[in-house]
Amino acid sequence: AGTAPATGPAPAVRLRGLTKSFGANRVVDPLDLDIAQNEFFSILGPSGCGKTTLMRMITGFETPTAGSIELDGRNVDGVATRQRDLNMLFQSYALFPHLSVYENVAFELRVRRTPKREIDDRVRAALELVRLSAFADRKPAALSGGQRQRVALARAVVGRPAVVLLDEPLGALDQKLRKEMQFELKRMQREVGITFIYVTHDQEEALTMSDRIAVMSEGRIQQIGTPTEIYDTPASRFVAGFIGSCNLIDGVADAATGRFTIPGVGEVPVDEIPDAAPGTPLTLAVRPERVRVLPDGARTEGGVHLPATLTQRVFLGDEWISHLALDSGIVLSASVPSGDAARALAATADGARVTVSWHPSDSRVIPT
Ligand code: ATP
């Protein structure tokens, strides 16, 4: 899924063998990646995995150790940042405090000596896009944090660059505003039709907004896919654990019998087993929302059933999270949405014996 078809328009961004080392420390391993025109593409990974370094190479702030970068089919090796058809938005964007919202957005166009009439058209369109038309005459000090962020975004898109790179731009906003801005950013990106490359360590942010996500860890892309591909079919234990929450159970699989053996627990049926030598340690991944908590001894058609003790329940408003200790000591978590099943669970005492169940198709065996 990492490369675009050979025909059709050139990708907005094409990376080939792109590598970065600082001295002996390689922070981005050789990387091939195509980002399509008008795509909302996120680079997601924990702190220190190399996201910012990768982005800084695309912008031209950092010189690659090896490899090449093409923007819209044009090689930009050695091309200065301002000559690349892109713009950036950071968490710590700086607006000019003495200029109005309008002039902040117009600034770059004035520097470029864009005709007055065109500046006016473009600035008004950009302010409309970020829904700040009514605030054109205000100074930044008279805006909320979220509004200032919108001004910075208007400024990033007003020159209509082919690509906008956003590095954790919502990091400074509170949780509620962040969620609002996630929807807004996605809407704006659709409206302006600009390729967005969005760097974040926040998996929810990436899932909400992206057309595709590259999950990065230790300088390497672990998986590229749509949000649902990444969530439903994680390629590795790292991806499964980093995106959403996931029960990760160690064991070994037997391709001949189609069963997965959990030490101290026994065998459970699984749908698919990756190619691996017999006895290779593997991980069984099951999302908490796929785990059901049934009365002790209950059975469902074709399901996995394991005896367990309910050790803890936490109410989160829209769901209950319960912890279930298997007799081997492995603790699994189940997420039960508010409703009948949650009411039954609420009526079950801590310490009760229950049956933990899931359907084999809701589990995945992945490399450890
Ligand atoms: P964060 O989310 O914390 O910003 P990140 O994924 O963006 O992390 P990078 O900033 O790309 O990670 O850093 C990747 C690694 O490269 C880190 O180990 C960092 O210490 C190292 N690094 C980054 N810039 C330099 C530099 N100029 N000189 C030496 N090492 C660097």
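Can you tell me what share of the DSSP beta bridges in the chain is antiparallel? A percent to the nearest 5 is fine.
Expressed as a percentage, antiparallel bridges in the chain total about 75.
Modelled label positions at Asn75 and Ser133, each set 7 Å beyond Cα in the direction of Cβ, lie 4.7 nm from each other.
Of all the options Thr59, Thr81, Thr19, the one that moves most in a Gaussian network model of the chain with Cα springs shorter than 10 angstrom is Thr81. Here the extension length gained between Gln83 and Ser47 equals 10.0 nm, from 0.36 nm per residue of separation less the Cα-Cα distance. Sorted ascending by nearby beta carbons within 10 Å, beginning with the fewest, Lys116, Lys139 become Lys116, Lys139. For the options Ala106, Ala24, Ala256, a Gaussian network treatment of the chain with springs between C-alpha atoms closer than 10 Å singles out Ala24 as fluctuating the most. Each label was represented as a point 7 Å from its Cα along the Cα-to-Cβ direction; for Asp29 and Phe61 these points are 2.5 nm apart. Residue exposure proxy: Arg113, Arg74, Arg150, ordered by other Cβ atoms within 10 angstrom of their Cβ from fewest to most, comes out as Arg113, Arg74, Arg150.
Neighbours of Gly225, meaning other residues whose beta-carbon lies under 12 angstrom from its beta-carbon, give a summed charge of -2 when Lys and Arg score +1 and Asp and Glu score -1. Taking a Cβ cut-off of under 12 Å around Glu128, the surrounding Lys, Arg, Asp and Glu residues balance to a net charge of +2, with basic ones at +1 and acidic ones at -1.
So what is the 222 nm mean residue ellipticity for the chain from helices alone, if each DSSP H run of at least 4 adds -39500 (n - 2.57) and you divide by all residues, rounding to the nearest 500 deg cm²/dmol?
-7500 deg cm²/dmol
With a Förster radius of 30 Å, plug the Cβ-Cβ distance of Gln312 and Gln91 into 1/(1 + (r/R0)^6) and report the FRET value to the nearest 0.05. Approximately 0.25, to the nearest 0.05. A simple count of charges around Val101, restricted to other residues whose Cβ falls under 13 Å of its Cβ and scoring Lys, Arg +1 and Asp, Glu -1, yields +4. Along the axis of the charge dipole computed for region 75-150 (Cβ charges of +1 for Lys and Arg, -1 for Asp and Glu, origin at the Cα centre), the listed residues Ala94, Leu127, Leu143 are led at the positive end by Leu143. For the pair Ser144 and Ser361, the difference between a 0.36 nm per residue extended length and the Cα-Cα distance amounts to 73.4 nm. Listed from fewest to most Cβ neighbours within 10 Å, the set His98, His305 follows the order His98, His305.
Can you tell me how much longer the chain between Glu272 and Glu289 gets when fully stretched, taken as 0.36 nm per residue apart minus their C-alpha distance, in nm with one decimal?
4.1 nm
All of the numbers you see were taken from the coordinates with simple rules; none came from a lab. In this text the structure is predicted, and so the values were computed from the model without any measurement. Please note: Cβ atoms are built from the backbone with ideal geometry, for glycine as well, and neighbour counts cover all protein chains shown.
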